Amino acid sequence: MNNRLSKENWASILGVLLGVVVGMIIIVGYTPTALALEYNKEILIESDFSGRDLTDSSFTKANLRQSNFSHTNLRGVSFFAANLESANLESADLSFATLDSARLIKANLTNAILEGAFASNARFDGAIIDGADFTDVLLRPDEEKKLCQLAKGTNPVTRRDTRETLFCE
């Protein structure tokens, strides 16, 4: 009988400890790290991804026309050959993202951070780039020249001038 009582007591103690740990996680607001998601070749027109952590996710060849990525963590995300026409990327962190062959026509990149992004063959016709940070972004010379005609402002996070990050004259 003593053995049985000690097993029951042990189970009760473990139950209480588990409850305390779960309660602490809820109180502290534990947020698990983001899982990389794959949206390759998906049709996601007018989707709302605003304010999310999509680190290292993939949107290769996805149709994201008029989608909302404002205030979203897009570090390391692949937008290879994605259609981001008229997408809202305001204040998004696109550091080290792959934008190669992406269509960013009329996209809103206000205050976006694109540091270290690979954007060779990306199209930015009519994009809004006020306050965007293009530090170390690989661009085609003709696209860089077009962006310099639009460039103005300073990024509020990195404190870098948009024209300087594009090496505009």
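When residue 155 is tested against (1) in contact (Cβ under 8 Å) with a residue 24 or more places away in the chain; (2) polar (S, T, N, Q); (3) out of contact with any helix residue (DSSP H, G or I) (no Cβ under 9 Å at 6 or more places or on another chain), exactly one condition is not met: (3). If the condition is being more than 19 Å from residue 67 (Cβ to Cβ), of a type outside the set (Phe, Trp, Tyr) and assigned to a loop (DSSP other than H, G, I, E, B), then the range 101-144 contributes 115, 116, 120, 121, 130, 131, 135, 136, 137, 139, 140. Among residues of the range 61-81 that are outside any loop (DSSP other than H, G, I, E, B), those with a beta-carbon under 6 Å from a residue that is open to solvent by 10 Å² or more (accessible area, probe 1.4 Å) and small (Gly, Ala, Ser) at least six positions away or on a different chain give the pairs 68/50; 78/58. Note on the range 81-92: residues that are crowded, with 22+ Cβ neighbours inside 10 Å and under 14 Å from residue 132 (Cα atoms) amount to 4. Scanning the range 77-101 for residues that are over 13 Å from the mean Cα position of the chain (by Cα) and among the polar types (S, T, N, Q), we see that the one that is nearest to residue 118 (Cα to Cα) is 101.
The values are calculated or read from the model by the stated rules, or taken from the named source; none is laboratory data. In this text the structure is predicted, and so the values were computed from the model without any measurement. Glycine gets a Cβ as well: all are built from the backbone with ideal geometry, and neighbour counts include every protein chain shown. Surface areas here come from the heavy atoms of the whole protein model, side chains and all, with no ligands, DNA or RNA. Shrake-Rupley method; radii C 1.70, N 1.55, O 1.52, S 1.80 Å.
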